[in-house]
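Okay, so here's the structure we're looking at.
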Amino acid sequence: MRADTELISLISLIDDPDMVVRDAVRARLVERGEEALDSVERFWLERLDDLEKRERYQTILDGIKAQISINKLEELLKSPQPLLERGLFLISKIVDPSSDETIYNHTLEELSDEINIELSGEKTPVESVKIFNYIFYRRFRFKHTDTRMHDPYSALIDRVLLSRAGNPVTVSLAYFLLSRSAGLPVYPLSFPGGFVPVYVDNQGKILFYLNIFKQGSIFLEDTLVQFFKDLGMDYDPQTMKIDEERALISMYSQMLGFVYNTGDRPDISERLERVAALLGHKGFL
């Protein structure tokens with residue numbers, strides 16, 4: 001690699017005791033972008049013999065990478081309906097800067113291609129959903145783990161797409177993400193305290209409801225009404241709304257905020273608070 005004199009100078013000052021200098025250096029590294037930071041890790045950080053110093057610098061670089069992703073998310077959210085797969089990935093990378101977008105996109109593409117092959121041809125909505133459910137739950141073997149939502153690895157969507165195991169929210173997000181990529185109009189019907197996936201027609205009318213916790217089984221409104229009664233809640237359609245991409249991105253952010261609200265990683269909690277501010281604190285949790 002040809003010597004990058006500016007980058008060398010920036011790295012020498014990245015941990016400067018003067019806060020003004022340190023903040024200016026980190027702001028410039030944000031401008032330089034991820035490629036420059038990757039170069040720092042490969043050609044300088046990995047060669048440090050001082051393990052304690054290497055870990056400290058890695059933490060600093062991770063914070064800078066997270067800021068780059070926050071900036072990208074802010075730009076993405078300027079769209080009324082931001083791209084779901086991109087929004088979920090950026091939040092994953094804000095939490096874990098080691099998340100690899102190439103692996104994420106490749107995994108998502110492979111899963112989507114397999115579903116699309118099976119769904120080709122003329123099929124009714126019910127037939128399409130039953131085929132999708134079979135692939136998602138039986139062939140891919142997506143399953144719920146960590147129902148109390150404490151495990152970070154069961155919470156990150158890029159990890160769950162690889163492992164096929166995640167907490168209830170992340171598996172639900174995988175369901176929405178893959179059904180959307182297959183062209184199925186499945187959206188969250190949100191209400192105070194939760195949501196239920198629904199299949200809608202071209203006019204936005206709900207055709208049926210889906211139970212993600214029971215292999216995506218199809219049910220109708222009367223079952224939903226009974227569900228509310230069993231919980232001692234009033235069924236009020238006026239409080240329900242069919243949401244789209246922004247709400248799902250917000251759901252992911254709020255769930256991760258819950259998972260990391262332990263005090264163990266204040267740096268991640270702080271990043272997620274900034275993400276929540278960008279999203280207006282909309283969410284389901």
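FYI, it's all coordinate maths here, none of it is from the lab. These numbers were taken from a predicted model, which means no experiment stands behind them. Every residue, glycine as well, gets a Cβ built from its backbone with ideal geometry; the counts of neighbours run over all protein chains shown.
Nothing charged except the Cβ atoms of Lys and Arg (+1) and of Asp and Glu (-1): what's the magnitude of the dipole of the chain about its Cα centre? Round to the nearest 20 debye. Show your work: numbers first, answer last.
Working: 34 positive and 46 negative charges, 132 e Å.
Magnitude of the dipole: close to 640 debye.
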A chain fully extended from Phe227 to Thr124 at 0.36 nm per residue, minus the present Cα-Cα distance, gains in nm 34.4 nm
In this structure, the FRET efficiency calculated for Leu207 and Asn71 from their beta-carbon separation, with R0 = 35 Å, to the nearest 0.05, is 0.30
One would report the antiparallel percent of DSSP beta bridges in the chain, rounded to the nearest 5, as 90
Share (percent) of C-alpha pair distances in region 1-135 greater than 24 Å works out to 48
Stretched fully, the stretch from Lys143 through Asp267 gains (0.36 nm per residue minus C-alpha distance, one decimal, in nm) 41.7 nm
Once amide hydrogens are built 1.01 Å from N within the peptide plane, the residues lying 5 or more places from His281 or on another chain with amide H under 5 Å from its amide H are none
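With a/c under 1.5 counting as rounded, go ahead and sort region 147-232 into rounded, prolate or oblate using the C-alpha gyration tensor (a ≥ b ≥ c being the square roots of the eigenvalues; past the cut-off, prolate if a/b is larger than b/c, else oblate).
Details: a/c = 2.44, a/b = 1.33, b/c = 1.83.
Note, shape of region 147-232 comes out oblate.
Treat the count of other C-beta atoms within 10 Å as a stand-in for reagent exposure and order Phe227, Phe136 from fewest to most. Show your work: numbers first, answer last.
Details: Phe227 15, Phe136 23.
Ordered from fewest to most neighbouring Cβ atoms within 10 Å, Phe227, Phe136 come out as Phe227, Phe136.
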Residue by residue through region 180-188, the couplings from Karplus 6.51 cos²θ - 1.76 cosθ + 1.60 with θ = phi - 60°, in Hz, x for Gly and Pro, are 5, 5, 8, x, 8, x, 9, 10, x
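What does the charge add up to near Lys78, with Lys and Arg as +1, Asp and Glu as -1, over the other residues with Cβ less than 14 Å from its Cβ? The partial results should precede the final answer.
Numbers: positive: Lys72, Arg86, Arg246; negative: Glu74, Glu75, Glu245.
For residues surrounding Lys78, the net value is 0.
Quick one: order Met251, Met233, Met149, Met19 by neighbouring beta-carbon count within 10 Å, fewest to most. Before the final figure, lay out the partial values.
Values: Met251 25, Met233 13, Met149 18, Met19 8.
Going from least to most buried by this count: Met19, Met233, Met149, Met251.
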For region 97-210, averaging the sequence separation of alpha carbon pairs under 8 Å that lie six or more residues apart and dividing by its residue count, the contact order in percent is 18
Placing one equal point scatterer on each C-alpha of region 5-76 and summing with Debye, one gets log10 I(q)/I(0) at q = 0.21, 0.25 Å⁻¹ equal to -0.92, -1.24
Footprinting proxy, Ser12, Ser172: sorted fewest to most Cβ within 10 Å, the residues are Ser12, Ser172
Cα extents of the chain per principal axis, largest first, Å, are 66, 41, 33
Under the 7 Å Cα-to-Cβ spin-label approximation, Thr102 and Gln215 lie apart by a distance in nanometres of 3.9
Under the 7 Å Cα-to-Cβ spin-label approximation, Glu31 and Arg54 lie apart by a distance in nanometres of 3.1
Expressed as a whole-number percentage, the relative contact order of region 213-285 with C-alpha contacts under 8 angstrom and at least six residues apart is 31
